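Written out below as structure tokens is the structure these notes cover.
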Amino acid sequence: MYSSNLIGFILAMVSSAFIGSSFIIKKKGLRRAGVNGPRASVGGYGYLLEPLWWIGMLTMIVGEISNFVAYIYAPAVLVTPLGALSIIVSAVLAHFLLKEKLQKMGMLGCLLCIVGSTVIVLHAPEERSLTSVEEIWGLAIQPAFLLYTASAVAVALFLILYCAPRFGQTNILIYIGICSIIGSLTVMSVKAIGIAIKLTLDGINQAKYFQTWIFAMVAITCIILQLNYLNMALDTFNTAVVSPIYYAMFTSFTIFASAIMFKDYSGQSASSIASELCGFVTVLSGTAVLHNTREPDPPITDLYTPLSPKVSWYIQGNGEHWKQKDEDGPAPSFITLLQQDHFK
């Protein structure tokens, strides 16, 4: 068990380094794409033609593959918190490459995230031994986990259909909340697929079970949704803030889902559980510090950004142009005269 957790630990660290770098590379690609077309934050998909975005995507894929293998060897409550390293990588790179200044208090926030993650890792429970996909399926259809899945899907749909169109551009928790909630289901499916692959390589074929393919379809669907809304979050908000908040929320939901499905904390002492809770509080405190020390994001000024609905018409009078704006006062009196003359 010790050697298995060690392998998982190393793979998780490598994964975090690649994923943290991918945030920066992808955002540079998103910025380039935004110059020539609609930005991802307003529904544009021009970044798909940007080579730099694909380099970032490949970097993320390498990180996710490492993460995928790490879940095979170690429990989710050990692997997921190690994503804190990606916060440091992305924050430091954003400071130098994207000119998104990281304040001293922001550095303290990163440190708190690392300390909290360390506490979580030191008190992580051991992974239970699973021998088939059918056994994992039995865990997935427990009433408690079915309730969690239904709740997660309902909240995600509410955020996607109602909150995102109205508040997505101003509230950072909308896009990241969607990624994090869906991400917890992704991890459960990916872990099931990883165990199936490991068992198949050991000579116990798991491809013959329909449950394996259901887990695969769920994982693919959730990953696509995550990437879409993560792109929107990166294109709208400061990377140094997106990374830690995404990490904190994703880790929290994933460990909660894993505890329900795999019963990770069964048999754990009260002191170990309390220590993990303290670790979570520390991580969330670090996230709050980073969020409160963020620099205001520059306004979107590219030509493809939709105009405000209030900036909608021009009127010419006495050789001068006048345009209705939010900050403008009452319309000039000549408009009233114009309207009266028009209807005489």
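Which condition does GLN206 not pass, out of (1) in a helix (DSSP H, G or I); (2) within 18 Å of VAL69 (Cα to Cα), if it passes all the others?
(1)
Of (1) within 18 Å of ALA248 (Cβ to Cβ); (2) crowded, with 21+ Cβ neighbours inside 10 Å, MET105 satisfies all except one. Which?
(2)
If I ask for residues that are in a loop (DSSP other than H, G, I, E, B), closer than 21 Å to VAL79 by Cβ and not polar (S, T, N, Q), which ones from region 104-157 would you list?
HIS123, ALA124, PRO125, GLU126, GLU127, ARG128, LEU130, listed by residue number.
Which ones in region 173-191 are farther than 9 Å from TYR229 by Cβ and not small (Gly, Ala, Ser)?
If the condition is that a residue be farther than 9 Å from TYR229 by Cβ and not small (Gly, Ala, Ser), then LEU173, ILE181, LEU185, THR186, VAL187, MET188, VAL190, LYS191 are the ones that fit.
For residues in region 144-172 being among the β-branched types (Val, Ile, Thr) and farther than 15 Å from ASN228 by Cβ, which is surrounded by the most Cβ atoms within 10 Å (Cβ to Cβ)?
Looking at residues that are among the β-branched types (Val, Ile, Thr) and farther than 15 Å from ASN228 by Cβ, I get ILE172.
Looking at VAL79, VAL62, VAL89, VAL69, can you tell me which residue is open to solvent by less than 20 Å² (accessible area, probe 1.4 Å) and at pLDDT 80 or above?
Being open to solvent by less than 20 Å² (accessible area, probe 1.4 Å) and at pLDDT 80 or above holds for just one of VAL79, VAL62, VAL89, VAL69, which is VAL79.
Can you tell me which condition ASN238 does not meet? The list is (1) in contact with an Asp or Glu (Cβ under 6 Å, 6 or more places away or on another chain); (2) surrounded by fewer than 22 Cβ atoms within 10 Å (Cβ to Cβ), and all the others hold.
Condition not satisfied by ASN238: (2).
Restricting to region 60-74, name every residue that is touching a Lys or Arg at 6+ places or on another chain (Cβ under 8 Å) and either among the polar types (S, T, N, Q) or closer than 23 Å to SER129 by Cβ (or both). Give the steps one after another, and end with the answer.
Filtering region 60-74 down to residues touching a Lys or Arg at 6+ places or on another chain (Cβ under 8 Å) leaves 60, 71-72.
Those that are touching a Lys or Arg at 6+ places or on another chain (Cβ under 8 Å) and either among the polar types (S, T, N, Q) or closer than 23 Å to SER129 by Cβ (or both): TYR71, ILE72.
Is it fair to say ILE141 is closer than 19 Å to PHE256 by Cα and open to solvent by 70 Å² or more (accessible area, probe 1.4 Å)?
Values: closer than 19 Å to PHE256 by Cα: yes; open to solvent by 70 Å² or more (accessible area, probe 1.4 Å): yes.
Criteria met by ILE141.
For SER41, all conditions in the list (1) buried (at least 20 other Cβ atoms within 10 Å of the Cβ); (2) at pLDDT 80 or above hold save one; what is the number of the exception?
(2)
Take the residues in region 185-215 that are open to solvent by 50 Å² or more (accessible area, probe 1.4 Å) and aromatic (Phe, Trp, Tyr), then tell me which one is nearest to SER129 (Cα to Cα).
It comes out as TYR209.
Quick check, is ARG128 open to solvent by 30 Å² or more (accessible area, probe 1.4 Å), charged (D, E, K, R), more than 29 Å from PHE256 (Cα to Cα) and at pLDDT below 75?
It is false that ARG128 is open to solvent by 30 Å² or more (accessible area, probe 1.4 Å), charged (D, E, K, R), more than 29 Å from PHE256 (Cα to Cα) and at pLDDT below 75.
The values are calculated or read from the model by the stated rules, or taken from the named source; none is laboratory data. Quantities reported herein were computed from a predicted structural model and do not represent experimental measurements. Quick reminder, even Gly has a Cβ in these numbers, built from the backbone with ideal geometry, and neighbours come from all protein chains shown. To get the accessible areas, we keep the full protein, side chains included, count just its heavy atoms, and leave off ligands, DNA and RNA. Shrake-Rupley method; radii C 1.70, N 1.55, O 1.52, S 1.80 Å.
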